[in-house]
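Everything below concerns the one structure shown next.
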Amino acid sequence: MRDFLIAGNWKMNGSNATNDVLVSNIVDGIPNGEGFKLLVCPPFPYLISIASQVSNSAISLGAQNVSEHESGAFTGETSAAMLKELGCEYVIVGHSERRAIFGETSEQVAAKYIAAQKAGITPILCVGETLEEREAGATEEVVIGQLDAILDAAGVDSFASAVIAYEPVWAIGTGVTATPGQAQDVHRRIRMRLVKHNSDLADSIQILYGGSMKGENASGLLAMPDIDGGLIGGASLKADDFLAIAAAAAVAGQKS
Ligand code: PGA
């Protein structure tokens, strides 16, 4: 059985005042039901205060990035052990904004993934193709290539404590969502790639969809057999929008 994970990626948004309202509204509105988990990933400076705000709730805490290094002279970086100490259970690695804007390579993403796991944090590995790559028929090659970089560096067993997020770059922040069928097709290919290595593990890993997910399209996406939740940007910044997606997961129940 796979639970749903509904994860909010706040990106570089928020303030003490807005976060406070957002988190307390989410805590107050968590839908009844089982088989789903909520996660918020605020910017680094707010992790401590939000950790205490969610500490007695069903909401988990995650970070948006992590250094691949353990400690030392890496000005501006944050280690996985530090995130663990602040109460982070998850960290996003390989988000397309990090790959495209900050030039992170698949090797670096793999090193971050390994560093997170070493500190006891579950990496949420993002993979996804650009519009040009999709139009050139290269979706599978790109997505599986990004997955294989992690399989090569960390091994298949590492996926026992990881989450994958399929995020087509053309759907991120654009308002254009992959159709349930388009997303399911890629999710299936990702799971089948893991089946080749370890079928039990492939069955149990959560594969989230990300890219303009919102209350109106969540039910259709979450109904797909290989979509186990969402990594949500824009719609995670408003409690009602985030809770509408959580409600869709609560209604959909677990995946067998
Ligand atoms: P979006 O972002 O929901 O605003 O499209 C998703 C993401 O980048 O994780």
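The values are calculated or read from the model by the stated rules, or taken from the named source; none is laboratory data. The structure displayed is predicted, hence computed values, not measured ones. When we count neighbours, we look across all protein chains shown, and the Cβ atoms used for this are built from the backbone with ideal geometry, even at glycine. Only protein heavy atoms, including side chains, enter the accessible area calculation; ligands, DNA and RNA are left aside. Shrake-Rupley method; radii C 1.70, N 1.55, O 1.52, S 1.80 Å.
Expressed to the nearest 5 percent, the antiparallel share of DSSP beta bridges inside the chain is 5 percent.
Note on region 13-255: Cα-only Rg and Dmax are 17.1, 48 Å. Which of Lys196, Lys214, Lys11 moves the most in a Gaussian network model of the chain with Cα springs under 10 Å? So, out of Lys196, Lys214, Lys11, the one fluctuating most is Lys196. The amide H of Ala63, built 1.01 Å from its N in the peptide plane, has Tyr90, Val91, Ile92 as neighbours under 5 Å, considering only residues 5 or more places off or on other chains. Checked against a 20 Å cut-off, the cross-linked pairs Lys214/Lys238; Lys11/Lys112; Lys37/Lys214; Lys112/Lys214; Lys37/Lys118; Lys84/Lys118 give Cα-Cα distances beyond that limit for Lys112/Lys214; Lys37/Lys118. Only protein heavy atoms count here; under a 1.4 Å probe, Glu132 has an accessible surface of about 130 Å². Electrostatic tally near Thr177: other residues with Cβ closer than 10 Å to its Cβ, Lys and Arg +1, Asp and Glu -1, net 0.
Computed from backbone phi, the HN-Hα couplings of region 108-118 come to 5, 4, 4, 5, 5, 4, 5, 4, 4, 4, 4 Hz, rounded to whole numbers (Karplus: 6.51 cos²θ - 1.76 cosθ + 1.60, θ = phi - 60°; Gly and Pro given as x). If a/c stays under 1.5 just call it rounded; otherwise compare a/b with b/c (prolate if a/b is bigger, oblate if not). Do that for region 126-256, with a ≥ b ≥ c from the square roots of the Cα gyration tensor eigenvalues. Here region 126-256 falls in the oblate category. Distance between the C-alpha centers of region 23-56 and region 62-86? Whole Å please. Going from one Cα centre to the other spans 21 Å. In region 187-256, the C-alpha radius of gyration followed by the widest Cα-Cα span (Dmax) gives 13.0, 40 angstrom. Between Thr78 and Ser67, the built amide H atoms are under 5 Å apart, and every one of these is 5 or more places off in sequence or on another chain.
Residues whose amide H comes within less than 5 Å of that of Ile232, counting only those at least five positions distant or on another chain, are Ala7, Gly8, Asn9 (H built at 1.01 Å from N in the peptide plane). Label sites at Arg188 and Ser204, each approximated as a point 7 angstrom past Cα along Cα to Cβ, lie 2.5 nm apart.
Comparing Val93, Val163, Val21 in a Gaussian network model of the chain, where Cα atoms under 10 Å apart are tied by springs, the biggest mean-square fluctuation is seen for Val21. Simple point charges give the picture: +1 on the Cβ of Lys and Arg, -1 on the Cβ of Asp and Glu, and for the chain a dipole about the Cα centre of about 280 debye. Stretching the chain fully between Ala138 and Asn32 yields a gain of 34.1 nm (0.36 nm per residue, less the alpha carbon separation).
Suppose only helical runs count, i.e. DSSP H with n ≥ 4. What mean residue ellipticity at 222 nm does that imply for the chain under -39500 (n - 2.57) per run, divided by all residues and rounded to the nearest 500 deg cm²/dmol? Taken over the chain, the calculation gives -13000 deg cm²/dmol.
Applying the Karplus relation 6.51 cos²θ - 1.76 cosθ + 1.60 with θ = phi - 60° to region 221-235 yields 3J(HN,Hα) values of 5, 5, 6, 5, x, 10, 9, 10, x, x, 10, 10, x, x, 6 Hz, where x marks Gly and Pro. Per residue, the accessible area of the chain comes to 43 Å², computed with a 1.4 Å probe over protein heavy atoms only.
For region 149-159, 3J(HN,Hα) computed residue by residue from phi via the Karplus equation (6.51, -1.76, 1.60; θ = phi - 60°) reads 4, 7, 4, 5, 7, 10, x, 5, 4, 4, 6 Hz, glycine and proline entered as x. Suppose each label sits 7 Å from its Cα in the direction of the beta carbon; what would the Ser52-Asn13 distance come out to in nanometres? Placing both labels 7 Å beyond Cα along the Cβ direction yields 2.6 nm.
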